[in-house]
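Take a look at the structure set out below.
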Amino acid sequence: MPNLTLPEHLQLARANTPLQKMEHLSKQFDVEIFFKRDDLTGSELSGNKIRKLEYLLADAKAQGADTIITCGGAQSNHCRITAVAARRCGLSTTILLRTADPKNPPPTEGNILLDKLVGAEIVWVSPEEYKNRSAVFEQEAKRLVQNGHRPYIIPEGGSNHIGSWGYIAAMEEIQHDLIAIGKDNFSKTTVLSAAGSGGTTAGLILGKKMLGLDVNVAAVNVCDDETYFKNEIAAICSDFINNFAHDIHVAKDEIHIVDGYVGRGYALSSPEELRAIYNLSLTEAVVLDPVYTGKAYYGMINELKKNNNAFGERIVFVHTGGIFGLFPMAAMFEEIFNG
Ligand SMILES: *Cc1c(COP(=O)(O)O)cnc(C)c1O
């Protein structure tokens with residue numbers, strides 16, 4: 001089997017994460033369900049973003065940058081992982097975190113605590129400013145330059161053509177994982193994950209194309225809708241194809257979005273979603289996060305309840321991390337435990 005040639009990158013993720021069969025879940029739906037444990041890519045670096053950052057931070061260093069600027073929601077996993085990884089590489093970070101009232105930012109808990117522990121500079125921005133974040137990025141970059149720094153901007157979620165390499169490499173890992181256990185009938189397999197900014201899904205689709213696998217790649221969107229994600233993912237894929245001149249093509253109808261599970265909105269949980277997280281913790285002792293993997297999981301089991309063949313014979317659910325986002329939700333979980 002030929003290996004992919006990957007560009008220069010940093011070694012930051014604990015890659016070759018386990019592929020674990022979920023026994024109870026598989027029995028419950030009479031489908032083989034595996035979890036690709038990308039929540040085990042590290043401790044403070046845990047989650048999917050570190051795979052993308054291996055390529056993005058290598059590029060930042062190659063360009064001589066000394067400060068990373070990036071953005072996300074208040075409890076952004078991406079910003080936390082960027083802040084930790086950048087610090088480890090000797091770089092500083094400025095992170096733009098979205099919050100309803102920037103004058104009254106949320107308490108120092110979960111990811112925010114970790115951001116502060118590694119000395120990230122936090123700039124609180126309102127939802128309106130965040131919508132126009134390219135202007136805020138420019139303004140912050142200008143300020144850093146005036147103070148003698150060399151900033152490097154990483155877009156939301158690290159989702160661009162460079163970051164895509166992370167999940168191209170992960171798709172190759174999944175291919176090897178499945179072959180190692182004799183499950184190489186890829187056409188009957190779906191690789192399923194949560195989509196928040198689309199880069200993970202884009203990487204998995206590009207990886208499948210570059211490896212020539214006929215595996216199905218699908219994603220449950222945790223915000224926006226199917227049209228938005230098809231456009232975003234198609235744009236990341238075409239940027240990648242243009243930049244790295246690979247002889248592949250991604251059509252929009254190959255981008256499978258499982259819409260209908262945004263629920264109350266981005267980072268807002270419903271009791272049903274939290275109950276699903278609790279149930280999985282009780283049966284498999286695997287803990288999901290409320291913002292991404294919990295919603296994707298809730299979407300997966302609801303689709304399976306309607307049709308247990310919805311994703312084929314086998315599902316590889318990518319557990320993309322996010323555990324620190326659970327802790328600010330403790331009070332809502334109390335209600336689930338008591339109810
Ligand atoms: C960012 C994130 C995702 C979504 O990945 P994208 O590449 O942004 O679509 C999924 N799960 C977790 C835990 C995340 O932090």
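Here are some notes:
- In segment 143-195, the convex hull through the Cα atoms has an average projected area of 5.6 nm², a quarter of its surface area.
- Between segment 231-247 and segment 253-283, the alpha-carbon centres lie 28 Å apart.
- Checked against a 22 Å cut-off, the cross-linked pairs Lys142/Lys230; Lys209/Lys252; Lys61/Lys209; Lys49/Lys103; Lys188/Lys305 give Cα-Cα distances beyond that limit for Lys142/Lys230; Lys61/Lys209; Lys49/Lys103.
- A viscosity of 0.692 mPa s and a temperature of 37 °C, combined with the Kirkwood radius over Cα pairs in Stokes-Einstein, give a translational diffusion coefficient for segment 294-339 of 256 µm²/s.
- When shorter helices are ignored and each DSSP H run of at least 4 residues is given -39500 (n - 2.57), the per-residue value for the chain at 222 nm works out to -13500 deg cm²/dmol.
- The equivalent ellipsoid that matches the C-alpha gyration tensor of the chain spans semi-axes of 30, 25, 17 angstrom, in descending order.
- Springs between Cα atoms under 10 Å define the GNM used for the chain, and in it the highest mean-square fluctuation of Gln139, Gln20, Gln75 occurs at Gln139.
- Kirkwood Rh in Å, taken over all unlike Cα pairs in segment 112-225: 16.9 Å
- Estimated FRET transfer efficiency when R0 is 35 angstrom, pair Glu8-Ser187 (beta carbons, to 0.05): 0.55
- GNM flexibility winner over the chain from Ala85, Ala195, Ala285 (Cα, springs under 10 Å): Ala285
- Segment 191-339: proportion of alpha-carbon pairs further apart than 22 angstrom, %: 42 percent
- Rg followed by Dmax, in Å, when segment 1-155 is reduced to its Cα trace: 18.0, 61
- The simple Förster model, with R0 at 30 Å and r as the Cβ-Cβ distance, assigns Arg264 and Asn132 a FRET efficiency of 0.75.
- Over 19 Å [Cα-Cα, segment 199-258], rounded percent: 22 percent
Read the figures in this text as sums done on the coordinates, not as results from a lab. Owing to the predicted nature of the structure, the values given are computational and were not obtained by experimental measurement. Backbone-built Cβ (ideal geometry, glycine too); neighbour counts: all protein chains shown.
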